[in-house]
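Below is one structure; the comments refer to it alone.
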Amino acid sequence: MSRYSRNDQAGVEVPKAKLDRESIRQALQLFRYLRPYRVRFAAALGSLFCSSLLSLSFPFLAGSIVDAAVLQPRGGNLSGVNRTALLLVGVLAVQAGFQFFQVLSLATVGQRAVVDLRRDTYAGLISLPMKFFATRRVGELASRLSSDLIQIEDTLISILPQFLRQTTLLAGGIAVIAATSLKLTGIMLASLPVLTVVAVVFGRKTRRIAREAQDRLAETATIVEETLQGIVNVKAFTNEGYELHRYHDGLLIFLKATLRGARLRAAFVAFIVFALFGSIVLVLWSGARLLQSGEITFGHLTRFILCTTFVAGAMGQFAELYSQLQKAIGATQRVRELLRETGEVEVSLEPAASTPRPRLRGEVRFEGVHFSYPSRAGVEVLQGIDLHAEPGRKIALVGPSGAGKSTLISLLLRLYEPTAGRLLIDGRDAREYPLAGLRGQMSMVPQEVLLFGGSIAENIAYGRPGAGAAEIENAARQANAHDFIMSFPQGYETAVGDRGVKLSGGQRQRVAIARAILRNPAILILDEATSSLDSESERLIQEALEKLMHGRTSFIIAHRLATVRHADRILVIAGGRVAESGTHEELQAVEGGIYRRLAALQFRDEAIPEESRVQTDA
């Protein structure tokens, strides 16, 4: 089970981390993304500090205005009041300038740094080997590029500046009120700890209820996702009402948790209003007594009250800011875990070196290959596979589902490495080749074709990015896809939709074949490449594939044996081993052989006329 909660994977909540020395050290390592912008970042922090200090000048100058007015005789010259007011307006203008520069600079630096971090995180993610993805959930990985990085972005742009600002206001405010009146400072500080403790207690309960509400909301989001993904089944079984009830019940549970949190927040707000204004009344009462005794002036009292609001506001912010910093530390730890993983290829925005690679001859040899998936280390999927494919030969892999045919292809593509034995390409260990260069000379047409949500031309060009329009069209013609593409109003610019849903299964298959043709590989892999085609399209595609396979080493995974009758060699995989090997005729002659039994069943069914089969099924 994933160590991250379900609502986290939905991108709702980021786990928190303790603010200890090690976690902070790890978080600070991500600040290297600020290095290219460190001058502007330092200037922004300087502006923040100056702006915070200038904020404290407001209560100080406000108190001076009150003193100047009170001490001035009735009808006297108000030049002192006017000068102080103009000075205050000037200070506010300067503060506004600092604030503008600080907000703009932090937003610019933060956004640029996070863009760099997003790019590197995504590059690291897509460069990781398949064994990494086999043990991770997609929602967890998507969360690292969404909620985690958003949390880091908020920290750089908002939370960290706010933390520094409130710290400055708290320290400066206490210094100002202490200089104004030590007695009133003692009274004020005696009441604030009580408010702080209550705020922390209420805050913890509120966050716990908020997390529960987010869990419930995430569950309703899961219901929506499952319903939309399986909308065909929902409609086929007329279960729209059932799904609505499921969603409605989830919303009611979410509503109950939300209202419980609302009641708690309402009580908290009521207490804060009463306690905060009660403490102000206490300070006013004490200040009035000191004013009456002549220990302070009206201006001092005004200055003290205004500074007290600054201090109280800063202390009230710290509980939430601390919680946000915990989330930020947790987010940076998760992103750092991903960045520390070792990728199998180097991914960069820089164009790859254009040094020509010698073309492979296509000789493939498996020698005593054993393999177990990392997630099931105790189960051997392949057990001592020996296989030799000479350059340009067509090798068919047949056998029951789960026998290890697709696993063999995964090893050929080096999506995984053998746990024992070795794979040789052109007489050299496959691990001696640069991985990108090796895969660059292979091409695969899978049984379940996944198209990206762009145009048909973009999906074909995925086989060789940068290919020209003429090359794309030529590949489509060879795959017998040109005619159906041109039947669309937008031709090659037709959008295929999410995962290619706007195309039929046969059309998607032909686009995938065109993509493989454009790649011009030395080693070709066909995984039931004609399984989604009607009889006429299958004949045309089979002709195209015969031309494509000419001169290339081809591995053909097939369940329909009729498609591999003319393969140079057929390997029957069963139980993770090569059970039988030979041509179609040789394997047909084996008494009691697996291939002969499969062929007898399939060819007998294919010999039954369609009308008879329908009547029999009826």
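The values are calculated or read from the model by the stated rules, or taken from the named source; none is laboratory data. No experiment lies behind these values; they were computed from the predicted model shown. Cβ coordinates were reconstructed from backbone atoms using ideal geometry, including for glycine residues, and neighbour counts include every protein chain displayed. Only protein heavy atoms, including side chains, enter the accessible area calculation; ligands, DNA and RNA are left aside. Shrake-Rupley method; radii C 1.70, N 1.55, O 1.52, S 1.80 Å.
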**Q.** In segment 447-462, the residues that are open to solvent by less than 10 Å² (accessible area, probe 1.4 Å) and part of a loop (DSSP other than H, G, I, E, B)
**A.** Leu451
**Q.** Yes/no for Arg216 being crowded, with 16+ Cβ neighbours inside 10 Å, under 25 Å from the mean Cα position of the chain (by Cα) and of a type in the set (Lys, Arg)
**A.** yes
Q: Pairs only if they're at least six apart or on different chains, beta carbon under 7 angstrom, first in segment 417-434 and within 16 Å of Ala522 (Cα to Cα), second part of a helix (DSSP H, G or I) and open to solvent by less than 70 Å² (accessible area, probe 1.4 Å); list them, first residue then second.
A: Leu424/Ala430; Ile425/Leu438; Ala430/Leu438
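Yes or no, residue by residue, for (1) touching a residue at least 60 places away in the same chain (Cβ under 8 Å); (2) among the small types (Gly, Ala, Ser):
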{"site": "Glu240", "(1), (2)": "no, no"}
{"site": "Glu243", "(1), (2)": "no, no"}
{"site": "Tyr247", "(1), (2)": "no, no"}
{"site": "Gly250", "(1), (2)": "no, yes"}
{"site": "Ile253", "(1), (2)": "no, no"}
{"site": "Leu259", "(1), (2)": "no, no"}
{"site": "Ala262", "(1), (2)": "no, yes"}
{"site": "Ala275", "(1), (2)": "yes, yes"}
{"site": "Arg289", "(1), (2)": "no, no"}
Q | Filter result for Phe268 (more than 30 Å from Leu397 (Cβ to Cβ), at pLDDT 75 or above and aromatic (Phe, Trp, Tyr)) | A | yes
Q) For Phe237, all conditions in the list (1) loosely packed, with under 13 Cβ neighbours inside 10 Å; (2) under 27 Å from Phe60 (Cβ atoms); (3) modelled with pLDDT of 75 or more hold save one; what is the number of the exception? A) (2)
Q) All but one of (1) in contact (Cβ under 8 Å) with a residue 12 or more places away in the chain; (2) among the small types (Gly, Ala, Ser); (3) more than 26 Å from Pro129 (Cβ to Cβ); (4) open to solvent by 60 Å² or more (accessible area, probe 1.4 Å) hold for Ser406; which doesn't? A) (3)
Q | Qualifying position, being surrounded by 15 or more Cβ atoms within 10 Å (Cβ to Cβ), assigned to a helix (DSSP H, G or I) and not β-branched (Val, Ile, Thr), among Phe100, Phe132 | A | Phe132
Q | Search result, residues across segment 434-446 that are open to solvent by 10 Å² or more (accessible area, probe 1.4 Å) and in contact with an Asp or Glu (Cβ under 9 Å, 6 or more places away or on another chain) | A | Leu435, Ala436, Met444, Pro446
(Q) Taking the conditions exactly as written (modelled with pLDDT of 85 or more, farther than 30 Å from Gly294 by Cβ and touching a Leu at 6+ places or on another chain (Cβ under 9 Å)), does Leu34 satisfy them or not? (A) no
Q: Kindly indicate the residue of segment 135-150 that is open to solvent by 20 Å² or more (accessible area, probe 1.4 Å) and over 30 Å from Glu417 (Cα atoms) and also modelled with the lowest pLDDT among those meeting that condition.
A: Ser146
Q.
Which count do you get for residues in segment 284-314 that are of a type outside the set (Asp, Glu) and not in a helix (DSSP H, G or I)?
A. 4
Q. In segment 199-213, which residue that is modelled with pLDDT of 75 or more and among the β-branched types (Val, Ile, Thr) is surrounded by the most Cβ atoms within 10 Å (Cβ to Cβ)?
A. Ile209
Q | Leu164 being within 30 Å of His300 (Cα to Cα) and open to solvent by 50 Å² or more (accessible area, probe 1.4 Å) | A | yes
Q: Give the residue, chosen from Leu251, Leu244, Leu255, Leu228, that is among the aliphatic types (A, V, I, L, M), open to solvent by 80 Å² or more (accessible area, probe 1.4 Å) and in contact with a Lys or Arg (Cβ under 9 Å, 6 or more places away or on another chain).
A: Leu255
Q: Kindly provide the set of residues from segment 568-591 that are among the aliphatic types (A, V, I, L, M), open to solvent by 10 Å² or more (accessible area, probe 1.4 Å) and within 21 Å of Ile409 (Cβ to Cβ), ordered by number.
A: Ala574, Val578, Ala579
Q | Set Arg393, Arg422: member being touching a strand residue (DSSP E or B) at 6+ places or on another chain (Cβ under 7 Å) and surrounded by fewer than 15 Cβ atoms within 10 Å (Cβ to Cβ) | A | Arg422
Q: Collect the residues in segment 149-193 that are among the hydroxyl-bearing types (Ser, Thr, Tyr) and farther than 17 Å from Ser105 by Cα, keeping them in residue-number order.
A: Thr167, Thr168, Thr180, Ser181, Thr185, Ser191
Q: Quick one: Leu106 ticks every box in (1) more than 24 Å from Leu145 (Cα to Cα); (2) at pLDDT 70 or above except a single one, so which number is it?
A: (1)
**Q.** Residue ID - least open to solvent (accessible area, probe 1.4 Å), chosen from residues in segment 365-383 that are closer than 20 Å to Ile425 by Cβ and out of contact with any Ser or Thr (no Cβ under 9 Å at 6 or more places or on another chain)
**A.** Phe366
(Q) One residue is enough: does segment 466-479 have a residue meeting the conditions surrounded by fewer than 23 Cβ atoms within 10 Å (Cβ to Cβ), at pLDDT 85 or above and touching a strand residue (DSSP E or B) at 6+ places or on another chain (Cβ under 7 Å)? (A) no
Q) Of the residues Glu240, Glu295, which single one is among the acidic types (Asp, Glu), farther than 15 Å from Val194 by Cα and under 35 Å from the mean Cα position of the chain (by Cα)? A) Glu240
